[in-house]
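This report refers to the structure that appears directly beneath it.
The values are calculated or read from the model by the stated rules, or taken from the named source; none is laboratory data. Quick caveat: nothing in here was measured; it's all calculated off a predicted structure. As a convention, Cβ positions derive from the backbone with ideal geometry for all residues, glycine included, and neighbour counts pool all protein chains shown.
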């Protein structure tokens, strides 16, 4: 239950007590269980504070962009450093006040200081006609803003940092760059947020928006690294697409299996973007692997990826995460994550045996996805936590994919598609009725 | 008040000052003590959303010959010896992996390396202009595109580092030409 739900519940309790729906004891228990921490900022407050800071910072950058070349160099340098000094003093004051400072003030101070830092670097480079690419500028900007995330616990600057490191990583995907100037440093940049990480001693869990920003940033950063390592080998240049697509699948599996404690596991799926996005990619990848025409490409990708240290690094991390997931009995996520390893299972049997043998992967993927789909449905009917509609959708997508890949006539395919559509609707109606029955029995 | 956040904040503040101040220091050194060289170039007028209007400065010399035996690859840094011709304009006359013993030189990065030629990534590529003057630069270029004289980049060079000091045309500062046109 999120804060807004808790606030709504707390507002209803007095009325429910008056109506006799709840005893005073029950109401007290609910109040204790759903106490809202009012020291946390409201979303509107945060957004307004961040918007104000953004407008001031952007205005500052625009004023700088005008280029006041009527003034001497020292005067223009003063323009660069005065806003920086002012925002630093403001942040210092906020830090001095500690917990007494409102959260939105903390956010505003941090964001203003980050923007003033960027404006200062930009103005210095303008005054001295400095060359250089904008990713270099971005790099220094986010590095100098990072400590503000730690000390002021700023969500806005954390999101800025996450977006900036992702954009920087995408821009560093270029053949011939040294590793320390490439997306390979992305994991280190992400680790820079460690003092802000969930579970850090005495800190509240991350907000949903920061979790999504972090996941999307990490996906972009690590996928950029996969593309970079794939193009690193001159002799494998022709196979780089196949190579990085499998590396992306391994990355998605790592994401889906990121270790969680029991509280994390119990959270709703929408609070776990790494599981949502990782699983979606893997399911798409799994369906793609059922196409026989793609099998050779996928297996070529595996063959070339296995020569890369980055791939072995991913496999080692994945092995550790698999073990931890086994301990936590995260069967559903394990089943989906294992889709990334199917090419590895098929690889020894088909390697060097020609194209005819490559249908093995197609069959493996079809069987595996069918098993996942059926399990998700059966679990629900067995009275356990399942996802029948997701399971049914997976099966239907699979059937459609197999039909599209088959040599049946158009007529046969058309009839099959109609049949699948009717079955899907019928299943949906059945599930709706079952849900109603379940709700009726509870009441 | 907790000490650790304050210490981290203090370090961050110092770094936020040190990064631009270090740039200022090295570039001021070059501007005040560096040797002036002149390079023929072109300079169309793009726009940087963060840093405003600037002219994209492109020296005419875009590649140089790689000496036999010099193992230069894309992205590697090298030293370029500058030689001033009879017309007063400088060109890159030699490349090396170590700083030359004498003369003016630049520390540059190789773009492409192909057929014993190395693409040069010049350390300056922009000359910032006031928003009022920048559109006038466009008009000026349209009118003078066929001129053989070309724009001259006046660059200060010191210890391999270069700072673009000014642009000129026909021995007149380019900014002044534009200001006179705007009046």
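Side notes on the structure shown:
- Any hit, segment B:23-30, residues being within 30 Å of residue A:93 (Cβ to Cβ), modelled with pLDDT of 85 or more and in contact with a helix residue (DSSP H, G or I) (Cβ under 7 Å, 6 or more places away or on another chain): yes
- Single unsatisfied condition, residue A:140 versus (1) closer than 30 Å to residue B:124 by Cα; (2) out of contact with any helix residue (DSSP H, G or I) (no Cβ under 7 Å at 6 or more places or on another chain); (3) at the interface with chain B (Cβ under 7 Å from one of its Cβ atoms): (2)
- Where a residue in segment B:1-17 is facing another protein chain (nearest Cβ under 7 Å) and its partner, wherever it lies, is loosely packed, with under 15 Cβ neighbours inside 10 Å and modelled with pLDDT under 90, with Cβ under 6 Å and at least six apart: B:1/A:96; B:1/A:98
- Residue A:378 being surrounded by 18 or more Cβ atoms within 10 Å (Cβ to Cβ), more than 20 Å from residue A:276 (Cβ to Cβ), assigned by TED's automatic domain parsing to the domain that holds residue A:294 and modelled with pLDDT under 85: no
- Apart from one condition, residue A:104 fits all of (1) more than 11 Å from chain B (Cβ to nearest Cβ); (2) over 30 Å from the mean Cα position of the chain (by Cα); the exception is (2).
- Every listed requirement among (1) within 13 Å of chain A (Cβ to nearest Cβ); (2) at pLDDT 90 or above; (3) over 30 Å from residue A:62 (Cβ atoms) is met by residue B:110 save one, (2).
- For segment A:169-180, a residue qualifies if it is at pLDDT 85 or above and assigned to a helix (DSSP H, G or I), and the qualifying residues are A:169, A:170, A:171.
- Flag if residue B:55 is part of a loop (DSSP other than H, G, I, E, B), surrounded by 14 or more Cβ atoms within 10 Å (Cβ to Cβ), in contact with a strand residue (DSSP E or B) (Cβ under 6 Å, 6 or more places away or on another chain) and within 14 Å of chain A (Cβ to nearest Cβ): no
- Within segment A:1-71, helices (runs of 4 or more DSSP H) holding 3 or more residues that are at pLDDT 80 or above and over 28 Å from the mean Cα position of the chain (by Cα): A:3-18, A:24-33
- Residue B:101 vs. criteria within 14 Å of another protein chain (Cβ to nearest Cβ) and free of Cβ contacts under 8 Å to residues at least 60 places away in the same chain: no
- Meets criteria (under 26 Å from residue B:123 (Cβ atoms), over 23 Å from the mean Cα position of the chain (by Cα) and facing chain B (nearest Cβ under 7 Å)) for residue A:84: yes
- Pairs linking a residue in segment B:65-93 that is closer than 19 Å to residue B:158 by Cβ and away from chain A (no Cβ under 14 Å) to a residue that is modelled with pLDDT under 90 and exposed (fewer than 14 other Cβ atoms within 10 Å of the Cβ), with Cβ atoms under 6 Å and 6 or more positions apart or on different chains, are B:81/B:103.
- Per-region count, segment B:86-124, residues in a strand (DSSP E or B) and farther than 21 Å from residue B:71 by Cα: 2
- Test: residue in segment B:168-179 that is surrounded by 16 or more Cβ atoms within 10 Å (Cβ to Cβ), in the same structural domain as residue B:65 (by TED's automatic domain parsing) and part of a strand (DSSP E or B): yes
- Hits in segment A:87-101 - residues which are buried (at least 18 other Cβ atoms within 10 Å of the Cβ) and at the interface with chain B (Cβ under 9 Å from one of its Cβ atoms): A:88, A:91, A:95
- Checking A:118, A:131 one by one, the residue that is outside any helix (DSSP H, G or I) and under 22 Å from residue A:181 (Cβ atoms) is A:131 and no other.
- Every residue from segment A:292-312 that is at pLDDT 85 or above, assigned to a helix (DSSP H, G or I) and surrounded by fewer than 16 Cβ atoms within 10 Å (Cβ to Cβ): A:309, A:312
- Residue among A:80, A:166 that alone is in a helix (DSSP H, G or I), surrounded by 24 or more Cβ atoms within 10 Å (Cβ to Cβ) and touching a helix residue (DSSP H, G or I) at 6+ places or on another chain (Cβ under 9 Å): A:166
The rows are residues; the columns are (1) away from every other protein chain (no Cβ under 11 Å); (2) buried (at least 22 other Cβ atoms within 10 Å of the Cβ); (3) in contact with a strand residue (DSSP E or B) (Cβ under 8 Å, 6 or more places away or on another chain).
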residue	(1), (2), (3)
A:108	yes, yes, no
A:114	no, yes, no
A:121	no, yes, no
A:149	no, yes, no
A:159	yes, no, no
A:182	no, no, no
